[in-house]
Amino acid sequence: MMRLLFGLLMLFAGAAAAAEPPHYVMEARFDPQGNLRADVTVMLTEALSEKAFLLSKRFTLQPMQLPPGVTMTREDSEEPMEALNKFVFRFARPTVEPVKLSFRYSGPILTEHDSGNKPLRPEGYELFIDHMWFPVGADIQTRFTVDATIDGLAPDLVVVAQGDVTRTPTGVRIERDYVDIDLPMVAMRGLEKAGVPGVEFYARDLDTRLARFHVKHAEAAARYFQAWFGPLRQPVRMAMVWRERSMGYARTGYTVLSEGGRGAPDIAEAGPAGYVGHEVAHAWWMLASPLTEDFWLVESVAEYLSMRYVETALGIEAVEKELAEKREASADAGPVMGHGRPNRVQLYQKGPLLLIDLEKKIGRPAMDRLLREMAREPVHTTPVFMKHLSAIADADTAVAFEAALRS
Ligand SMILES: [Zn+2]
């Protein structure tokens, strides 16, 4: 009997191990021209029959030593961007012990397919998933932990990345024990750091009007949202880079903003306040799949929260212009849900307006409670949101709100 019980316990321990997320170990080196040599081991413990990874075609992959029972085929892929190799691994039997896939590859970090964000610029590197410079799960939503050692970084490059970041004389060690879909890094000359509670902010000049607004509102937004959703799990690191494209992006505990298109000397405070408010909100709101119709739970909610923050910080007048623009832009936006991932207008313009309508209907205290409870959920889907809305308001309200998302 004891023996049987012990056996069962071992079985459960095995099942628990199987739930570990993929872990990446990267050893990489850049030469001064920006040529990358990388050795990336992906450890999989989930029982899978097949798993595919994407890597840019500009990299040459050395022949792989595959573990026993694993086969691999290569095909071209143009999704979600151009010029990718897709490596499809098939596993003879689903296994619970780690399977190690070792990718060794080399090639230039620069690419014409960079979504307008050059990975290497005179001031240094800005790397993120769009550059397809590490083996990315082909579903684009494979979350992993990572230990990365990246060498070949000149001593004057200031590195901003996720997790524990240790600068060495010639490189950096990044240890991230929480999962994310990306391995983002900024390594640039001339970045100064402002440390304020909850936030580390990096910019080349912290005294510009824009930088001062960003730092002030990043700190205040972090305080505002922590009072609402609970403590930050890690400080929010923000790097303000300089490039033409104004696009920014957020990962867990990490945000990149651009000076591009935002640096007018007389810029109004509401713009940068709303912008960092949106990005800080993602510390709690990025748990819905970016490939599905549930993505409104990432972007529409962050945008709604950004307006709530601006209202609190600068007054209701400060959001009225934003609201008017959203109403105009979303007049014929089409449904947010029901056709896969919503488009930009549906996510950033229409979705937040529907949340404002919902707030008007159920009242601000109920809305605040709804979002607080939702923020605690480990995975964000529309049914989970509707479950909380039914409990806090009633089932009819949830049905009506879902209908609004679908019309
Ligand atoms: Zn966002």
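The values are calculated or read from the model by the stated rules, or taken from the named source; none is laboratory data. None of these values were measured; they are calculated from a predicted model. With ideal geometry, Cβ positions are generated from the backbone for all residues, glycine too; neighbour counts draw on all protein chains shown.
Checked across the range 313-321, the condition of being within 17 Å of Trp228 (Cα to Cα), at pLDDT 95 or above and in a helix (DSSP H, G or I) holds for at least one residue. On the stretch given as the range 200-232, residues that are touching a Ser or Thr at 6+ places or on another chain (Cβ under 8 Å) and farther than 17 Å from Pro272 by Cβ total 0.
Residues in the range 298-323 that are more than 15 Å from the ligand (Cβ to nearest atom) and in contact (Cβ under 8 Å) with a residue 60 or more places away in the chain: Thr312, Ala313. Filtered by the rule that a residue be over 10 Å from the mean Cα position of the chain (by Cα), surrounded by 19 or more Cβ atoms within 10 Å (Cβ to Cβ) and within 11 Å of the ligand (Cβ to nearest atom), the range 247-275 gives Gly248, Tyr275.
For Glu244, the criteria (1) over 20 Å from the mean Cα position of the chain (by Cα); (2) of a type in the set (D, E, K, R); (3) within 13 Å of the ligand (Cβ to nearest atom) hold in every case but one, which is (3). For the range 79-128, filtered to residues that are surrounded by fewer than 20 Cβ atoms within 10 Å (Cβ to Cβ) and of a type in the set (Val, Ile, Thr), the residue that is nearest to Ala161 (Cα to Cα) is Val88. Asp294 meets all of the listed conditions (1) within 18 Å of the chain's Cα centre (by Cα); (2) away from the ligand (no atom under 13 Å from the Cβ); (3) outside any helix (DSSP H, G or I) but one, namely (3).
Of all residues in the range 30-70, which are among the basic types (Lys, Arg), over 18 Å from Asp139 (Cα atoms) and assigned to a loop (DSSP other than H, G, I, E, B)?
Correct list: Arg58 only.
Of the residues screened, Glu192 is one that is modelled with pLDDT of 95 or more, touching a Phe, Trp or Tyr at 6+ places or on another chain (Cβ under 8 Å), surrounded by fewer than 17 Cβ atoms within 10 Å (Cβ to Cβ) and not hydrophobic (A, V, I, L, M, F, W, C).
Applying the condition of being free of Cβ contacts under 8 Å to residues at least 24 places away in the same chain and either part of a helix (DSSP H, G or I) or in contact with a Phe, Trp or Tyr (Cβ under 6 Å, 6 or more places away or on another chain) (or both) to the range 326-348 and asking which residue is surrounded by the most Cβ atoms within 10 Å (Cβ to Cβ) yields Val345.
Yes/no matrix, rows are residues, columns are (1) over 17 Å from the mean Cα position of the chain (by Cα); (2) not in a loop (DSSP other than H, G, I, E, B):
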| site | (1), (2) |
| --- | --- |
| Lys86 | yes, yes |
| Phe103 | yes, yes |
| Leu110 | yes, no |
| Phe134 | no, no |
| Asp139 | no, no |
| Thr149 | yes, yes |
| Ala154 | yes, no |
| Val158 | yes, yes |
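Condition first: under 24 Å from the mean Cα position of the chain (by Cα) and of a type outside the set (A, V, I, L, M). Can you find one or more residues in the range 309-319 that meet it? Yes, the range 309-319 contains at least one residue that is under 24 Å from the mean Cα position of the chain (by Cα) and of a type outside the set (A, V, I, L, M).
Table: residues versus (1) among the β-branched types (Val, Ile, Thr); (2) farther than 21 Å from Thr60 by Cα.
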{"position": "Asn117", "(1), (2)": "no, yes"}
{"position": "Val136", "(1), (2)": "yes, no"}
{"position": "Val146", "(1), (2)": "yes, yes"}
{"position": "Thr168", "(1), (2)": "yes, yes"}
{"position": "Glu175", "(1), (2)": "no, yes"}
{"position": "Tyr178", "(1), (2)": "no, yes"}
{"position": "Gly195", "(1), (2)": "no, yes"}
